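Before any comments, here is the structure.
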Amino acid sequence: MRLIIKKNYEDCSVWAANYVAYCIKSFRPTPNKPFILGLCTGSTPLGMYAELIKMYKQGKISFANVVTFNMDEYIGLGPKDTQSYYYFMHENFFNHIDIPQKNIHLLNGLTKNYAKECQDYEDAIKSYGQINLFIGGVGSDGHIAFNEPGSSLTSRTRVKTLTSETIDANSRFFDYDISKVPTSVLTVGIGTIMDAQEVMILANGDKKARAIHHAVEGSINHMWPISILQMHQHSTIVCDEPATNELKADTVRYFKDIEKKLRPET
Ligand code: GLP
């Protein structure tokens, strides 16, 4: 596991955006060999999306040969719902870059057939072979995508019921009214995320410190889904200083020391 510790949110966002651009460019994607990018929602990736849009507008990166798969969607919300993840992604990223609409994949929250929707999503990912880079955030309870504590660590795309903690945390996008937050969602599984060639998780603020502690120093446990990253061959967590508040000083020193010696391009 790689742990990138940056001073603040802005530095994390810039680092993550540069890394995404570096991955896409070094892959040299073409229409027949697109780069497959897994994406997430939430407030954490907003800075990274803004940076990527800036880089696109400066001509530094193109998404013409990038195919995306988003992690999750609320059941009952459609593309026109301003709280849907479809809407979020278009508003905050897709509408501002050159990605063709046909390259964008999101789970359909309005589907009547959940099992088919989820299987089709898994099949669509497999049709490209593998997701090259899956970017996610993390909940304060350690959930990744919407895989809440207790989720099977080998789970695939499916329906999940949200915990009260997540409903409460996400109510800020619903006028702070928990009754407006959908209670069930479609989400890729932990196994789906783990199948990606590379996984990058973004975490900011001391609300995420406990999850980062469990991810980096804890043991692998389904009650802290993010801890499964320890089993991935190529996982990176990008976080700010406050998100390291529950790590041992030694751990922080260790990861910072490694980064000082590494890859100038990132
Ligand atoms: C939601 C999303 C997750 C995201 C999490 C954290 O639950 N389904 O993918 O990681 O929120 O969100 P935030 O970045 O706003 O803290």
Can you confirm whether ASP168 is without any contact (Cβ under 8 Å) to a residue 40 or more places away in the chain, at positive phi and of a type in the set (D, E, K, R)?
no
Exactly one condition in (1) away from the ligand (no atom under 12 Å from the Cβ); (2) part of a strand (DSSP E or B) is false for GLY218; which is it?
(2)
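Mind counting the residues in the range 229-245 that are within 19 Å of ASN18 (Cα to Cα) and within 13 Å of the ligand (Cβ to nearest atom)? Steps first, please.
Applying the first criterion (within 19 Å of ASN18 (Cα to Cα)) to the range 229-245 yields 234-240.
Then keep just the ones that are within 13 Å of the ligand (Cβ to nearest atom); that gives 237-240.
Result for the range 229-245: 4.
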Could you give me the residue pairs with C-beta distances under 6 Å whose first residue belongs to the range 107-133 and is surrounded by 14 or more Cβ atoms within 10 Å (Cβ to Cβ), whose second residue is assigned to a helix (DSSP H, G or I) wherever it lies, and which are 6+ apart or on separate chains?
LEU107/TYR121; ASN108/GLU117; THR111/GLU117; LEU133/CYS23
Of all the residues that make up the range 217-239, how many are of a type outside the set (Gly, Ala, Ser), out of contact with any Asp or Glu (no Cβ under 7 Å at 6 or more places or on another chain) and within 21 Å of GLU259 (Cα to Cα)?
10
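For the range 165-202, enumerate the residues that are touching an Asp or Glu at 6+ places or on another chain (Cβ under 8 Å) and either surrounded by fewer than 19 Cβ atoms within 10 Å (Cβ to Cβ) or at pLDDT 95 or above (or both). Spell out the reasoning first.
From the range 165-202, those touching an Asp or Glu at 6+ places or on another chain (Cβ under 8 Å) are 165-166, 171, 178, 185-188, 192; that's our starting set.
Matches in the range 165-202: GLU165, SER171, ILE178, VAL185, LEU186, THR187, VAL188, THR192.
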In the range 18-70, the residues that are touching a Pro at 6+ places or on another chain (Cβ under 7 Å) and among the acidic types (Asp, Glu)
none
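From the list ILE226, ILE212, which residue is under 19 Å from LYS160 (Cβ atoms), within 13 Å of the ligand (Cβ to nearest atom), out of contact with any Leu (no Cβ under 6 Å at 6 or more places or on another chain) and part of a helix (DSSP H, G or I)? Steps first, answer last, please.
Numbers: ILE212 fails: under 19 Å from LYS160 (Cβ atoms).
Of the residues listed, the single one that is under 19 Å from LYS160 (Cβ atoms), within 13 Å of the ligand (Cβ to nearest atom), out of contact with any Leu (no Cβ under 6 Å at 6 or more places or on another chain) and part of a helix (DSSP H, G or I) is ILE226.
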Residue hits (the range 180-192; under 19 Å from the mean Cα position of the chain (by Cα) and over 13 Å from SER151 (Cα atoms)) are SER184, VAL185, LEU186
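Which residue, of SER171, SER164, is out of contact with any Lys or Arg (no Cβ under 9 Å at 6 or more places or on another chain) and among the hydroxyl-bearing types (Ser, Thr, Tyr)? Quick ask: steps written out before the conclusion?
Numbers: SER171 fails: out of contact with any Lys or Arg (no Cβ under 9 Å at 6 or more places or on another chain).
After ruling out the rest, the residue left standing is SER164.
The values are calculated or read from the model by the stated rules, or taken from the named source; none is laboratory data. The shown structure was predicted, so the numbers you read here are calculated from the model rather than taken from an experiment. Cβ sites come from the backbone with ideal geometry, for glycine too, and all protein chains shown count toward neighbours.
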